[in-house]
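The values are calculated or read from the model by the stated rules, or taken from the named source; none is laboratory data. Note that the coordinates shown come from a computational prediction; the quantities given were computed from them, not determined experimentally. These area figures cover heavy atoms from the full protein model, side chains too; ligands, DNA and RNA do not enter into them. Shrake-Rupley method; radii C 1.70, N 1.55, O 1.52, S 1.80 Å.
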Amino acid sequence: MISAEEDLSFRTYSPVLNYRYDRWFQNVEYNGHTLNEKERKEFIKVIDETVSTFTSGLPLLTDELKRTKDLKDDYHNICRVVYSVSLFVVMTMCDCMVAGKYFILADADYDKRFMRGKMKVILNEGFKKLYGYIEKNKKSAGWFRLLGYMKFFPEVINRQYQDLTFQLEKQSRISSWWKDERDYETHIESEKLYASRIVDIEESKEMMETLRLYDALFAVNHFLTNVHACLRNYLVEKYRRGEIKEE
């Protein structure tokens with residue numbers, strides 16, 4: 001991700017990778033396995049390292065959103081939408097992981113049931129804001145905010161956008177995406193909330209369910225990496241034509 005004001009010292013093009021997005025939309029069935037103590041520690045370590053890696057780029061995204069807020073040309077309009085959707089994707093992925101981490105770490109029964117409920121809120125609200133469930137909320141979803149700018153990108157990006165749209169649409173129809181649990185948790189409907197929280201908890205199954213959102217976000221994040229590459233390549237091309245000068 002670069003801006004016209006940055007030093008284009010490398011002056012090299014970034015690759016646009018050809019991902020098989022369907023790999024992140026496989027329906028994985030729970031096999032009954034429960035994590036042992038060693039696996040738990042390894043799982044928490046991976047979460048901590050992954051969150052640290054992903055969040056390291058958040059300051060740059062927010063700085064670019066502030067820097068470009070008054071720049072209204074097509075290039076910067078595209079950048080703002082891409083940065084905004086990227087910020088949402090990264091933060092929601094990290095929220096998924098951190099909620100899962102504290103769900104796994106919770107020892108007290110009420111704590112674990114509380115964290116399970118909060119994971120369901122992230123699952124429902126996260127996918128709603130990523131893609132949506134019905135036409136009304138799809139219009140403001142991050143994925144469809146990108147649609148209007150696809151005309152500026154090459155065919156390979158448009159094909160990938162169509163491929164991911166197909167996968168996300170299928171994912172939106174898999175279930176109700178825990179809407180009831182989300183409503184009970186968010187609006188604190190105490191009787192219904194209590195009933196939803198006392199269901200039996202299968203720890204590994206609950207964590208596998210979070211993959212429905214995490215993997216969808218992860219796929220979109222890979223797509224956005226390709227979009228960022230195109231934006232960078234556009235500036236590199238302008239630099240090579242002498243339209244951008246180093247100060």
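Worth a mention:
- What the phi angles of the stretch 185-192 give under the Karplus curve with 6.51, -1.76 and 1.60, with θ = phi - 60°, is a coupling list of 5, 6, 9, 6, 7, 4, 5, 5 Hz, glycine and proline written as x.
- Ranking Asp183, Asp109 by solvent-accessible area of protein heavy atoms (1.4 Å probe, all protein chains present), from largest to smallest, gives Asp109, Asp183.
- P(r) tail fraction, the stretch 58-198 - alpha-carbon pairs more than 17 Å apart, %: 69 percent
- Summed over qualifying helices (DSSP H, 4 residues or more, each -39500 (n - 2.57)) and divided by its residue number, the chain shows a 222 nm mean residue ellipticity of -22500 deg cm²/dmol.
- Cα gyration tensor of the stretch 38-87 - equivalent ellipsoid semi-axes, whole Å, descending: 34, 9, 5
- Whole-number percent relative contact order across the chain, with pairs defined as alpha carbons under 8 Å at least 6 apart: 36 percent
- Residue-level accessible surface for Val98, protein heavy atoms, 1.4 Å, Å²: 50 Å²
- Averaged per residue, the stretch 158-247 has 54 square angstrom of accessible surface, using a 1.4 angstrom probe with ligands and nucleic acids left out.
- Take Trp24: with every protein chain present and a 1.4 Å probe, its accessible area is about 30 Å².
- Across the alpha-carbon set of the stretch 62-120, the Rg to Rh ratio works out to 1.30, Rh being the Kirkwood radius.
- Globularity index of the stretch 79-151, i.e. its alpha-carbon radius of gyration over 2.2 N^0.38 Å: 1.35
- If you model the chain as an ellipsoid using its alpha carbon gyration tensor, with each semi-axis the square root of five times an eigenvalue, the axes come out at 37, 19, 17 Å, biggest first.
- For the stretch 146-202, the percent of C-alpha pairs falling in each 5 Å distance bin, counted from 0 to the bin holding the largest distance, reads 4, 15, 15, 12, 10, 10, 9, 9, 8, 5, 1.
- If you wrap the tightest convex hull around every Cα atom of the stretch 173-247 and split its volume per residue, you get 173 Å³.
- Per-residue accessible area (protein heavy atoms, 1.4 Å probe) orders Tyr133, Tyr110 as Tyr110, Tyr133, starting from the largest.
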